[in-house]
Amino acid sequence: MTRGTLFVCPTPIGNLEDITLRTLRTLKEVDLIAAEDTRRTIKLLNHYKIKKPLTSYHEHNKWEKGEILLKNLKGGEDIGLVSDAGMPGISDPGEELIKSSIEENIEVEVLPGPTASITALILSGLSTDKFVFEGFLPSNKKDRIKELERLRNEQRTIIIYESPYRLLNMLRDIKEVLGNRQISISRELTKVYEETFRGTVEEGIENFKEQKKGEFVIIVEGGEIEEKNPFEKISIKDHIRMYIEEGCSKKDAVKKVALERKLPKNQVYKESIEL
């Protein structure tokens, strides 16, 4: 028996006109549509007059429903996978069904389409040369701080998703761990009330003191490369001795070493006493 295909179908993140012709055709042709939120997806299907069987597939039933969907695929049914909005498999349970299908040698076809992360990144005005997607960070402050500390030396632009309820706490933690970097915060992308804020983290905290609706995409400027001290591998004494051997007085050598190592002169002077 011929197996079915799992079609990964991105849907609009706000504006219904952003769906592709290919996605519309696919949703009309599949045998079943698996949706993260059937109430939201039925509005899209009704708008485009698509009448196909619809089943729920979400975080709380992904294992049991995933087994059923795999059985349907093995039985020859074509299934269209859609998320709440955007590309399935990004920060949603679609990832598990896609992995399971690949493991079972079921064909997976991914259709191109809208995704909030890339839309917000390009809109940010920050570097798009290299970037890292972090999705939703932990809601627990301690765990969230730990994740941000892992990103402290990340030089690529950072993409983070956040809810309106935790936005201010997230921004405060970013300021605490990563510093007052340049950021961009987008909400309600492609919708009537689309908004993008650009500025420093401190300015973002001030701007969003009053809670606003919508899912947020935070784009954070990557960190700078930390310049290593070329003299860190030699001792302070050897550093001072190097300049004395070059003809400097001990006093001038101490000044140079203190400057280059960014140390107090009295600390360097103590190291020079025995020289």
Pull up the range 1-58, narrow it to residues that are aromatic (Phe, Trp, Tyr) and either in contact with a Cys (Cβ under 8 Å, 6 or more places away or on another chain) or within 14 Å of Gly94 (Cβ to Cβ) (or both), then point me to the one that is surrounded by the most Cβ atoms within 10 Å (Cβ to Cβ). Tyr57
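Checking the structure you have, find out if any residue of the range 73-81 is touching a Phe, Trp or Tyr at 6+ places or on another chain (Cβ under 6 Å), open to solvent by less than 20 Å² (accessible area, probe 1.4 Å) and of a type in the set (A, V, I, L, M, F, W, C). It would help to see each step written out before you state the result.
Here is the first cut: in the range 73-81, the residues touching a Phe, Trp or Tyr at 6+ places or on another chain (Cβ under 6 Å) are 80.
After this cut, where a residue has to be open to solvent by less than 20 Å² (accessible area, probe 1.4 Å) as well, the list is 80.
Add one more test, that the residue is of a type in the set (A, V, I, L, M, F, W, C), and what stays is none.
The answer is no; no qualifying residue exists.
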Which strands (runs of 3 or more DSSP E) does the range 162-275 wholly contain that include 3 or more residues that are touching a residue at least 40 places away in the same chain (Cβ under 8 Å) and in contact with a helix residue (DSSP H, G or I) (Cβ under 9 Å, 6 or more places away or on another chain)? 182-187, 216-220
What residue, among those in the range 199-232 that are among the β-branched types (Val, Ile, Thr) and out of contact with any strand residue (DSSP E or B) (no Cβ under 9 Å at 6 or more places or on another chain), is surrounded by the fewest Cβ atoms within 10 Å (Cβ to Cβ)? Ile225
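Report, by residue number, each residue of the range 82-94 that is in contact with a Phe, Trp or Tyr (Cβ under 7 Å, 6 or more places away or on another chain) and open to solvent by less than 30 Å² (accessible area, probe 1.4 Å). Show your work before the answer.
As a first pass, look at the range 82-94 and keep what is in contact with a Phe, Trp or Tyr (Cβ under 7 Å, 6 or more places away or on another chain): 91, 93.
The one that is in contact with a Phe, Trp or Tyr (Cβ under 7 Å, 6 or more places away or on another chain) and open to solvent by less than 30 Å² (accessible area, probe 1.4 Å): Pro93.
If you go through the range 233-241 one residue at a time, do you hit one that is open to solvent by 40 Å² or more (accessible area, probe 1.4 Å) and of a type in the set (Gly, Ala, Ser)?
Going residue by residue through the range 233-241, those that are open to solvent by 40 Å² or more (accessible area, probe 1.4 Å) are 233-235, 237-238, 241.
Keeping just the survivors that are of a type in the set (Gly, Ala, Ser) gives 235.
Checked the range 233-241: at least one residue is open to solvent by 40 Å² or more (accessible area, probe 1.4 Å) and of a type in the set (Gly, Ala, Ser).
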Looking only at residues that are open to solvent by less than 20 Å² (accessible area, probe 1.4 Å) and outside any loop (DSSP other than H, G, I, E, B) in the range 111-131, which one is farthest from Thr11 (Cα to Cα)? Ser124
If Lys43 satisfies every condition in (1) closer than 24 Å to Tyr193 by Cβ; (2) touching a residue at least 24 places away in the same chain (Cβ under 8 Å) but one, which is the exception? (2)
Selection count, the range 148-165, where residues are under 15 Å from Ile218 (Cα atoms) and surrounded by 13 or more Cβ atoms within 10 Å (Cβ to Cβ): 10
If Lys99 satisfies all but one of (1) without any contact (Cβ under 8 Å) to a residue 24 or more places away in the chain; (2) surrounded by 19 or more Cβ atoms within 10 Å (Cβ to Cβ), what's the number of the condition it fails? (2)
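The values are calculated or read from the model by the stated rules, or taken from the named source; none is laboratory data. The structure presented is a predicted model; accordingly, all values stated were derived computationally and were not measured. Positions of Cβ are backbone-derived with ideal geometry, glycine not excepted, and every protein chain shown enters the neighbour counts. Quick note on the areas: whole protein, heavy atoms, side chains included, nothing else; ligands and nucleic acids left out. Shrake-Rupley method; radii C 1.70, N 1.55, O 1.52, S 1.80 Å.
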